[in-house]
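**Student:** One structure coming up, written as structure tokens, with questions to follow.
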Amino acid sequence: MQLHEYTISELSSLISKKEISILELTQHMLGRIEKLDSELGCYISIVEDQAMEQAAKVQKMLDKGILTSPLTGIPMGIKDNICTEGILTSCGSKMLSNFVPPYNAHVVKKLYNSGSVLLGKLNMDEYAMGSSTESSYFKKTRNPWDTERVPGGSSGGSAAAVVAGEAIYSLGSDTGGSIRQPASFCGCVGLKPTYGLISRFGLVSYASSLDQIGPLTKTVTDCALVLNAIAGHDPMDLTSSRRIHPDYTKALINDVKGMKIGLPREFIDDSVEKNIRDAILNAVKVFTDLGAECVEISIPVMEYVVPTYYIIALAEASSNLARYDGVKFGYRASNPKDILDFCKRTRSEGFGTEVKRRILLGTYVLSSGYYDAYYKKALKARAIITREFNKAFEQCDIIIGPVSPTTAYKIGEKINDPIQMYMEDIFTVPVNIAGLPAMSIPCGLDNNSLPIGLQLLGKRFDEQTIIKTAYTFEQNTEFHNLRPNLNV
Amino acid sequence: MNYEAVIGLEVHAELSTKSKIYCSCTTEFGGEPNTHCCPVCTGMPGTLPALNRKTVEYAIKAGLATNCTISPFTKQDRKNYFYPDLPKGYQISQYDLPLCKDGFVEIETENEKKRIRINRIHIEEDAGKLLHGEEDNNSYIDYNRTGVPLIEIVSEPDISSAREAKSYLEKLKAILQFINVSDCKMEEGSLRADVNISVRPKGSNHLGERTEMKNLNSFRSVYRAIESEIARQIHVIKSGGKINQETRRWDENKGESYPMRSKEDAQDYRYFPEPDLPPLIIKNELVERLKKELPELPDARKQRYVSEYGLPEYDAQVLTSSKELSDFFEETAKQSTNVKAVSNWIMGDMLRILNERNLEIVDIPFPPSYLVRLITLIDKGVINGSTAKNVFDLMFDTGKDPDNIVKEHGLEMLKDQSFLLEVIEKVIRDNPNSLDDYKKGQKKVIGFLVGQAMKATKGKADPQILNQILIKRLED
């Protein structure tokens, strides 16, 4: 087995036993990126020099016993909408194609402090707006299982890199499924934590009330390790929770006996591909065989979740993206006639089509005369959706279902049909609307040998139940060991 | 037909908290451009606002001091518009749930007290400043002011004249200064007012179309702009025209206003709840604590000056018009046995000198105790009133205490009878007719001779002794 195939927990043990050096591991990962990334396009920036320097520094601190985190020396990649001091943070946009932040995001600080080694910044849909990573200004990322296909998105680079062994783990962000859907398309573990569990400081905002940073890993154990490192209150983010988070590795228990697993009938209707439905039902069988009880439930508001999500997300986005006017940072139009021309052209030239579409829609739903009909109504719908999920959780400990109605599709196949792409977010967006945690784990392959993701939805701040359930599934199946054949 | 004006004010006051509303940058005025800012207040990607709790406390204090109800549940909203001095492309403000509402302040009109109702007070962040290059054609932006906390105080349209508007503004300023939440310097922009004005036939209940006046940088501007706008509106209506709902900009130099934008061009700010900041729950305990912390307010202090010191209403009103003035008076009065004289000196010579020299109370180069000493010197007959005025001027020049000034310049009153008699003899010698005039019964010659004697002694003669000696000499 090569170094990039190991998990965090395996590498951590090799590192602490001094069987491998952090430099050697980092070197290997950079070599792997060198070999693969021209084809896969996971990274926007690769920070070789910094990575090697950091590896040497971390090794020294480890040797002196100063650093003892399970993440010490583990090479990782970070989605390019999470600010890294001194390193380009482009959001996959021409608008920020020259933006080098003078500060680190809270999560980046935490990972650096734990001794994790940054390899580079990962590709994404522009401003995290998309579900195929095709709207990146820089490049397309290819699915490691089939390079003709998309890796999902918007954290497509983050998912593809982990699966291809171009990073041991990565961070993504999830506003409506942007961690879980690419994790499902690429076949890795992706967690969207409870809103407020992780500081958003330094995450370039798309939709503030929905955005959340989360880990993408090979296994549930790795997910718990990264979550331990990045969770916790941050006084710089007033939406981050003050509660003390538990040690998530304590939830790595192989046991679902007596657990009630909810399966909403709306989650396995005909809109979902048959292969996926079968995989979900198989997962249900795995759990019931292990002594869990499957409860059939219903979430009748499902038909409203996509419009509700898009109204709220785009309203917030239209305002969050107003700061890109060329005055202070980022791209700026040349030879403007006046300030209005400057601002208009900067935004016309700096943003891509999908971003512009979303800004226009968001501006519309907040406009005087439309606010009540759209935005205000969406806020009411949000309250109802949240209530329905809370009610559903009175009948079960966890809800399971698919992540996406399809598996990875061909590059270019859906890019011109935005409505179709929005509709496919149906199983991921309710989680963001209600602020819940949810995870995607591999649960099989379809007829084209493409990964299928199983989604596990938990109660607010109950990541432990998700981790425990997912871990049990992993311990009793082999899906997490499936890897694409990359011919290298 | 007679017309009456209906006026409402929107007042912005910068809060004097040490740090900005959403980051820890200093709020200090001035400083080299863009030295009082950070990634948060310049809206860099990924940054988030973290509310400075002090700004909420200051705003609650302002609400309590103006008799407002404090909302137990309030939130912040985004006001979206593009302008280069607004780094995020939106201002964090408050829309439908302001922190304070339904208050009032009382002002004095010509013949009565009048209550001006306050609709709401909300918190928001200030924007930066555009600077236009003098040597080049470029525009620059200074973000030092960005994120300085503001309160916006919105009055009901209860004001009927420029004079009332000025009184209202002065009252607000005094209150905010007394409770120490804003320094209210119009010239530094820490107090700003926009005025909404309409006119209607006297006695009518119907509200006329209104205009909003911006760019009012002094009390004088507010006063003049209102006078001008009322006259303009009446003129338009009397000439058969109609008032357009519009925003107008006041030009202080020209003394006139011109239209900035009409209602049709009004921006759609697309207010919506600020998702980066959770709603605020204002606990009753906090409100009660802040209520206890409130100092004596201008109205209460004024009443006390009347009842405790026996000052006339008008004097008490003037002395409580600003915190600095009132504090100076109070400090002086506390140490003096002659409060009436203290009040007269402060209201008369002190305000005159400050005005002439363009000084603020804080610029006074001597402590209140020096004024107490000066009054004591007069009361003890060491110097006379006219000398005292000179001494007071010298105190402003030098900052020295009056005893030293009197000594240094030999300004003690001349009380030596034989010396004063000599002076009088000389004056009579120089004005031989005066003695005859007196004997013919022209008593007013006394005044003339005293004046001459005073002049000869450079004003230092003790007027009482001088008078006595003179009359005795004339009668002889």
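**Student:** If we scan segment A:70-79, do we find a residue that is assigned to a strand (DSSP E or B), out of contact with any helix residue (DSSP H, G or I) (no Cβ under 6 Å at 6 or more places or on another chain), at negative phi and surrounded by 15 or more Cβ atoms within 10 Å (Cβ to Cβ)?
**Tutor:** yes
**Student:** Then there is this: With of a type outside the set (Asp, Glu) and within 30 Å of residue A:257 (Cβ to Cβ) as the only criterion, which of A:391, A:377, A:356 stands out?
**Tutor:** Going through A:391, A:377, A:356 in turn, the sole match is A:391.
**Student:** Would segment A:230-240 turn up any residue that is under 24 Å from residue A:442 (Cα atoms) and away from chain B (no Cβ under 14 Å)?
**Tutor:** Yes, there is a match, as at least one residue in segment A:230-240 is under 24 Å from residue A:442 (Cα atoms) and away from chain B (no Cβ under 14 Å).
**Student:** Now for a separate question. Since residue A:295 meets every condition but one in (1) touching a Gly at 6+ places or on another chain (Cβ under 6 Å); (2) aliphatic (A, V, I, L, M); (3) assigned to a helix (DSSP H, G or I); (4) more than 14 Å from every other protein chain (Cβ to nearest Cβ), which condition does it not meet?
**Tutor:** Condition not satisfied by residue A:295: (3).
**Student:** Please go through segment A:7-58 and give me each residue that is under 30 Å from residue A:137 (Cα atoms) and of a type in the set (Lys, Arg), ordered by number.
**Tutor:** If the condition is that a residue be under 30 Å from residue A:137 (Cα atoms) and of a type in the set (Lys, Arg), then A:32, A:35 are the ones that fit.
**Student:** Please go through segment B:77-92 and pick out each residue that is at the interface with chain A (Cβ under 7 Å from one of its Cβ atoms) and more than 12 Å from residue A:321 (Cβ to Cβ).
**Tutor:** B:78, B:84, B:87, listed by residue number.
**Student:** Out of the helices (runs of 4 or more DSSP H) lying entirely within segment A:380-488, which hold 1 or more residues that are at pLDDT 95 or above and crowded, with 21+ Cβ neighbours inside 10 Å?
**Tutor:** The qualifying helices (runs of 4 or more DSSP H) are A:429-434, A:463-476.
**Student:** Ok, one more. If you check A:133, A:175, A:194, A:147, which single one turns out to be modelled with pLDDT of 95 or more and within 14 Å of chain B (Cβ to nearest Cβ)?
**Tutor:** Exactly one residue qualifies, and that residue is A:175.
**Student:** Can you name the residue in segment A:251-275 that is small (Gly, Ala, Ser) and in a loop (DSSP other than H, G, I, E, B) and, of all such residues, is surrounded by the most Cβ atoms within 10 Å (Cβ to Cβ)?
**Tutor:** In this case the residue turns out to be A:271.
**Student:** Given the criterion in contact (Cβ under 8 Å) with a residue 40 or more places away in the chain, of a type outside the set (A, V, I, L, M, F, W, C) and closer than 22 Å to residue A:105 by Cβ, identify the matching residue among B:27, B:42, B:35.
**Tutor:** The match here is B:42.
**Student:** Also: Run residue B:426 past the list (1) surrounded by 15 or more Cβ atoms within 10 Å (Cβ to Cβ); (2) assigned to a helix (DSSP H, G or I) and report the number of the one that doesn't hold.
**Tutor:** The single condition residue B:426 does not satisfy is (1).
**Student:** I would also like to ask the following. Does segment B:384-402 contain at least one residue that is surrounded by 15 or more Cβ atoms within 10 Å (Cβ to Cβ), at negative phi, at pLDDT below 90 and in contact with a helix residue (DSSP H, G or I) (Cβ under 7 Å, 6 or more places away or on another chain)?
**Tutor:** Yes; the residues of segment B:384-402 include at least one that is surrounded by 15 or more Cβ atoms within 10 Å (Cβ to Cβ), at negative phi, at pLDDT below 90 and in contact with a helix residue (DSSP H, G or I) (Cβ under 7 Å, 6 or more places away or on another chain).
**Student:** Please count how many residues of segment B:18-33 are within 14 Å of chain A (Cβ to nearest Cβ) and assigned to a strand (DSSP E or B).
**Tutor:** Summing the residues that are within 14 Å of chain A (Cβ to nearest Cβ) and assigned to a strand (DSSP E or B) in segment B:18-33 gives 1.
**Student:** When the residues of segment B:34-76 are filtered to those that are within 14 Å of chain A (Cβ to nearest Cβ) and in contact with a Gly (Cβ under 7 Å, 6 or more places away or on another chain), which remaining residue is farthest from residue B:293 (Cα to Cα)?
**Tutor:** Among them, the one singled out is B:46.
**Student:** Now a separate question. For the list (1) within 11 Å of chain B (Cβ to nearest Cβ); (2) at pLDDT below 95, I need the number of the one condition that residue A:303 fails.
**Tutor:** So residue A:303 meets the others, but not (1).
**Student:** Which residues, taken from segment A:312-337, are within 11 Å of another protein chain (Cβ to nearest Cβ) and of a type in the set (A, V, I, L, M)?
**Tutor:** Those that are within 11 Å of another protein chain (Cβ to nearest Cβ) and of a type in the set (A, V, I, L, M): A:312, A:313, A:315, A:317, A:321, A:322, A:327.
**Student:** Could you please let me know if residue B:199 is touching a Leu at 6+ places or on another chain (Cβ under 6 Å) and buried (at least 20 other Cβ atoms within 10 Å of the Cβ)?
**Tutor:** Answer is no for this residue.
**Student:** Does segment A:80-95 hold any residues that are over 12 Å from residue A:44 (Cα atoms), within 12 Å of chain B (Cβ to nearest Cβ) and either part of a loop (DSSP other than H, G, I, E, B) or at pLDDT below 95 (or both), and which are they?
**Tutor:** Hits for segment A:80-95 are A:83, A:85, A:95.
**Student:** For segment A:8-48, how many residues meet the condition of being farther than 20 Å from residue A:79 by Cβ and not in a helix (DSSP H, G or I)?
**Tutor:** Number satisfying all stated conditions: 5.
**Student:** Within the group B:163, B:117, B:145, which residue is over 19 Å from the mean Cα position of the chain (by Cα) and more than 22 Å from residue B:65 (Cα to Cα)?
**Tutor:** The match here is B:145.
**Student:** A follow-up question, please. Of all residues in segment B:361-392, how many are aromatic (Phe, Trp, Tyr) and assigned to a helix (DSSP H, G or I)?
**Tutor:** Total satisfying the criteria: 2.
**Student:** Hey, another quick one. I'd like to know if segment B:124-143 contains one or more residues that are in contact (Cβ under 8 Å) with a residue 24 or more places away in the chain and within 24 Å of residue B:209 (Cα to Cα).
**Tutor:** no
**Student:** Counting only residues that are more than 9 Å from chain B (Cβ to nearest Cβ) and either part of a loop (DSSP other than H, G, I, E, B) or among the hydrophobic types (A, V, I, L, M, F, W, C) (or both), how many does segment A:343-364 have?
**Tutor:** 6
**Student:** Here is a follow-up. If you scan segment A:104-134, which residues turn out to be among the small types (Gly, Ala, Ser) and crowded, with 24+ Cβ neighbours inside 10 Å?
**Tutor:** A:105, A:115, A:116, A:120, A:128, A:130, A:131, A:132
The values are calculated or read from the model by the stated rules, or taken from the named source; none is laboratory data. All of these numbers come straight from a predicted model, not from anything done at the bench. With ideal geometry, Cβ positions are generated from the backbone for all residues, glycine too; neighbour counts draw on all protein chains shown.
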